[in-house]
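Heads up, the thing below is written out as structure tokens.
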Amino acid sequence: MAQQAGTHTGERRTAVLEGVLERITYANEENGYTVARVDTGRGAGELLTVVGALLGAQVGESLRMEGRWGTHPQHGRQFQVENYSTVLPATVQGMRRYLGSGLVKGIGPVFADRITRHFGIDTLRVIEEEPERLIEVPGLGPKRTKKIAEAWEEQKAIKEVMLFLQTVEVSTSIAVRIYKKYGDASIDVVRKNPYRLAADVWGIGFLTADKIAQSVGIPHDSPERVKAGLQYALSQSADQGNCYLPEERLIADAVKLLQVDTGLVIECLAELAREGEGGEDPGVVREKVPGPAGGEQDVTAVYLVPFHRAEISLSSQLLRLLRTDQDRMPGFRDVDWDKALGWLRRRTGADLAPEQEAAVRLALTRKVAVLTGGPGCGKSFTVRSIVELARARRAKVLLAAPTGRAAKRLAELTGAEASTVHRLLELKPGGDAAYDRERPLDADLVVVDEASMLDLLLANKLAKAVPPGAHLLFVGDVDQLPSVGAGEVLRDLLAENSPVPAVRLTRVFRQAQQSGVVTNAHRINAGQHPLTDGLKDFFLFVEDDTEAAGRLTVDVAARRIPARFGLDPRRDVQVLAPMHRGPAGAGVLNGLLQQAITPARPDLPEKRFGGRVFRVGDKVTQIRNNYEKGKNGVFNGTVGVVTALDPVDQRLTVLTDEDEEVPYEYDELDELAHAYAVTIHRSQGSEYPAVVIPVTTGAWMMLQRNLLYTAVTRAKRLVVLVGSRRAIGQAVRTVSAGRRCTALDFRLLPKNDRSNES
């Protein structure tokens, strides 16, 4: 089976190698680079190492590889693949292994054996030409037969797309998504309009689309390329939290990104603005707004259409709620507050502090209000008091939070049902909500906890669903990190001259003062170094070397905390890293924590996907909004545990923190990442019994006060810092640089109300 034909060109010797792909040792999903072992049929079970462009090759396939032999200083002789093609196996044994590899959904080793026993050397021809005959095989009913035939056809079509995309080094998972989006038209779209991919296919940004465009001959100065680059610059800025970019900054960013003439960028931006005036999503909107620093100087803001539309809509809806004469809780206008608060005291067994009492009155008498404050200041008890009084008057109360964990905590606190904002609104595929202005929620009071996490688009969907006369209360800590998505909604609602009334709780209650976690959170927020000596719930392990700090973080989380405090390392302990990359970043720590907590075992099924391995028991998180999954979508930041792996149907199952079992096809696994360690940004809205935070000089650029404050306030019982005192000092000293580019605070001023346009 092995062939070694070659030609000499100077020192270069090309060769051909044929063999069966036995296992993939490493695969880089970004560029398709793969390290694999192949069986060349020499007998004695000898496997050869092959490396290189094996994009899309599956275990069990027979490959014809062209390339050259080389020697790696560590790993010895190996074959460097330059290109390959698949060759259907010619022997019954090869067919059995090929079909049993999990390549074709619905056929595992057992059915592969039965099918090849029944059809022998004719097996692949039957599947290809007469798939209805599969029903002759014992145990294969019509349903599975149909499924196998469909999987075979899809696998062939995907392979064709993959082989075409090989030339532009597009990863396997992206090739599959391109095929799922465009089907048989995939190659046509990629050749003629590759920039469509950046808008249509998740995981393909402008840079990948641009690389494809260059390879199919689209000119460097094509207007389509420049317009796609401008939209990419705006969407990148939205990923960093901005709702718009000042025009001059956008033009400068685009010139740098595209390496084209400034005049061409200005022309293409004008064309996009004309498209935006027609309300087209691919276009942009230009508008004069106050500068992001709040100075006198106005800037020309350039928005992607959805963000401009949402900002106007959210401000209009909030002003409409504030101004309406309707009131769905009119009984609180002239209530006897002494009597009501006396009843509440008997009900809860505790008095409200004056500022808590002010917040209760505000929420029950004003249509939109904000309650903010740090840990230990009584936000939770205040919310419970508001809900108790509202329900005593038979008001319909809806409770929501941006994450499943935060919603669970809100339900436990109030004794009432709470859900995520996404579930409350019943978001549908495409992101539209079942509830909006035409079909509002049936509620008298809507309370949203962890409101610092609300981004512009979600806040707009929520506000649109609140009926006129209902009360809307935002609860959150404005000193925490702002939302992952674009906008700074809570901060904008609390801006100077905002028409939205607010109460800020500042008094730390005596019981909370005994907590090192609460005490240090307030110290950090005030710019003071945390206390780390003599506390039972706040510790510092000093380690100046970043790599050593990473290893120590793993030891603390996986071994020391469980041993000393009896906590479960998977369920109760969360590592929160300032950044994803680096030796003490979430990426590396996830690999080390998985080895420590869910190591490989012969009896434990696993699935390798790109550079990651998924196992039953793994703690994972969703890394994009997917409105198609689960009952009402699965959203960025949802955490769960892998409960099952099915190699035959090529499916992995996750039990989410909202107690929903969600299946993932193997080609969807790029939507999941391990969550033993997460970045502090991704931990917003969650609360854990214990958190371990590596704070190292390796993350110097990320170290800011609100980042460390957010991490510490995620802990209910225990915080362990691992790293250097210098890095902690940097975090405490550094105040976040500047505001995001948003104009919600400006639009909320009555003179700027554009409610007729929303």
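The values are calculated or read from the model by the stated rules, or taken from the named source; none is laboratory data. Just so it is clear, the structure is predicted and the values come from calculations on it, not from any experiment. We place every Cβ from the backbone using ideal geometry, glycine too, and count neighbours over all the protein chains shown. To get the accessible areas, we keep the full protein, side chains included, count just its heavy atoms, and leave off ligands, DNA and RNA. Shrake-Rupley method; radii C 1.70, N 1.55, O 1.52, S 1.80 Å.
Brief remarks on what is shown
- Selection within the range 34-53 - within 34 Å of the chain's Cα centre (by Cα) and at pLDDT below 80: Ala53
- Test: Gly633 is in contact with a Phe, Trp or Tyr (Cβ under 6 Å, 6 or more places away or on another chain) and at positive phi: yes
- In the range 436-465, the residues that are farther than 20 Å from Gly685 by Cβ reach residues that are among the β-branched types (Val, Ile, Thr) with C-beta atoms within less than 8 angstrom, at least six apart or across chains, in these pairs: Pro440/Val466; Leu441/Val466; Ala443/Val397; Ala443/Val466; Asp444/Val397; Leu445/Ile386; Leu445/Val387; Leu445/Val397.
- Test: Asp122 is in a helix (DSSP H, G or I) and more than 24 Å from Val59 (Cα to Cα): no
- When Val639 is tested against (1) open to solvent by 50 Å² or more (accessible area, probe 1.4 Å); (2) within 16 Å of the chain's Cα centre (by Cα); (3) among the β-branched types (Val, Ile, Thr), just one condition goes unmet, and that condition is (1).
- Restricting the range 219-256 to residues that are assigned to a loop (DSSP other than H, G, I, E, B) and open to solvent by 40 Å² or more (accessible area, probe 1.4 Å), the residue that is nearest to Glu271 (Cα to Cα) is Asp221.
- Applying a threshold of 6 Å to beta carbon distances and a minimum spacing of six or more residues, or different chains, the list of pairs starting in the range 543-561 at a residue that is open to solvent by less than 40 Å² (accessible area, probe 1.4 Å) and ending at one that is among the acidic types (Asp, Glu) and assigned to a loop (DSSP other than H, G, I, E, B) reads Ala549/Glu543; Leu552/Glu543.
- Residues located in the range 513-541, provided they are open to solvent by less than 30 Å² (accessible area, probe 1.4 Å) and in a helix (DSSP H, G or I): Gly516, Val517, Val518, Asn520, Ala521, Ile524
- Of all residues in the range 8-18, those that are modelled with pLDDT of 85 or more and either of a type in the set (Lys, Arg) or touching a Phe, Trp or Tyr at 6+ places or on another chain (Cβ under 9 Å) (or both) total 2.
- For the range 168-183, the condition holds for at least one residue, the condition being that it is at pLDDT 85 or above and either assigned to a helix (DSSP H, G or I) or crowded, with 20+ Cβ neighbours inside 10 Å (or both).
- Residue pairs whose Cβ atoms lie under 6 Å apart, sitting 6 or more positions apart in sequence or on different chains, and linking a residue in the range 417-429 that is under 21 Å from Gln684 (Cα atoms) to a partner that is part of a strand (DSSP E or B) and at pLDDT 90 or above, are Ala418/Leu399; Ser419/Ala400; Val421/Ala400; Leu424/Ala400.
- Only a single item in (1) part of a loop (DSSP other than H, G, I, E, B); (2) open to solvent by less than 10 Å² (accessible area, probe 1.4 Å) is not met by Glu438, and it is number (2).
- The number of residues in the range 677-695 being open to solvent by 10 Å² or more (accessible area, probe 1.4 Å) and farther than 23 Å from Val421 by Cβ comes to 1.
- Search result, residues across the range 62-83 that are open to solvent by 80 Å² or more (accessible area, probe 1.4 Å) and free of Cβ contacts under 8 Å to residues at least 12 places away in the same chain: Thr71, Pro73, Gln74
- Residue satisfying condition, being among the small types (Gly, Ala, Ser), at negative phi, more than 28 Å from the chain's Cα centre (by Cα) and outside any helix (DSSP H, G or I), within set Ser498, Ser483: Ser498
- Scanning the range 84-115 for residues that are open to solvent by 50 Å² or more (accessible area, probe 1.4 Å) and not in a strand (DSSP E or B) yields Leu88, Ala90, Thr91, Gln93, Arg96, Arg97, Lys105, Pro109, Val110, Arg114.
- Breaking point among (1) within 20 Å of the chain's Cα centre (by Cα); (2) assigned to a loop (DSSP other than H, G, I, E, B); (3) over 22 Å from Asp455 (Cα atoms), for Asp649: (1)
- Single residue of the range 654-665 satisfying the filter (open to solvent by 30 Å² or more (accessible area, probe 1.4 Å) and of a type outside the set (A, V, I, L, M)) that is nearest to Ser419 (Cα to Cα): Glu658
- Evaluation of Arg423 against (1) open to solvent by less than 30 Å² (accessible area, probe 1.4 Å); (2) not in a strand (DSSP E or B) (one fails), failing number: (1)
- Failed item, numbered, when Glu132 is tested on (1) touching a Leu at 6+ places or on another chain (Cβ under 9 Å); (2) at pLDDT 80 or above: (1)
- The criterion of at least 3 residues that are acidic (Asp, Glu) is met by none of the strands (runs of 3 or more DSSP E) wholly inside the range 655-733.
- Residues satisfying the stated conditions in the range 573-590, i.e. over 11 Å from Gly550 (Cα atoms) and open to solvent by less than 20 Å² (accessible area, probe 1.4 Å): Val573, Gln574, Leu576, Pro578
- Top-ranked residue in the range 202-218 [being among the aliphatic types (A, V, I, L, M) and part of a loop (DSSP other than H, G, I, E, B); ranked as least open to solvent (accessible area, probe 1.4 Å)]: Ile204
- Residue match in the range 126-144 (condition: out of contact with any Cys (no Cβ under 7 Å at 6 or more places or on another chain), in a helix (DSSP H, G or I) and of a type in the set (Gly, Ala, Ser)): no
- Scanning the range 251-278 for residues that are within 23 Å of Ser313 (Cβ to Cβ) and in contact with a helix residue (DSSP H, G or I) (Cβ under 7 Å, 6 or more places away or on another chain) yields Leu272, Gly276.
- Any chance Ala400 is assigned to a helix (DSSP H, G or I), farther than 17 Å from Ala502 by Cα and of a type outside the set (Val, Ile, Thr): no
- Long-range neighbours under 8 Å by Cβ, at least six apart or interchain, first residue farther than 12 Å from Gly94 by Cβ and among the small types (Gly, Ala, Ser) within the range 113-125, second surrounded by fewer than 16 Cβ atoms within 10 Å (Cβ to Cβ) and at pLDDT below 90: Gly120/Val92
- Of the residues making up the range 450-479, those that are under 20 Å from the mean Cα position of the chain (by Cα), surrounded by 24 or more Cβ atoms within 10 Å (Cβ to Cβ) and in a loop (DSSP other than H, G, I, E, B) are Glu450, Leu454.
- Each residue in the range 288-340 was checked for being of a type in the set (S, T, N, Q), without any contact (Cβ under 8 Å) to a residue 60 or more places away in the chain and loosely packed, with under 13 Cβ neighbours inside 10 Å, and 1 of them qualify.
- Tyr195 being surrounded by 16 or more Cβ atoms within 10 Å (Cβ to Cβ), without any contact (Cβ under 8 Å) to a residue 60 or more places away in the chain and in contact with a Lys or Arg (Cβ under 8 Å, 6 or more places away or on another chain): yes
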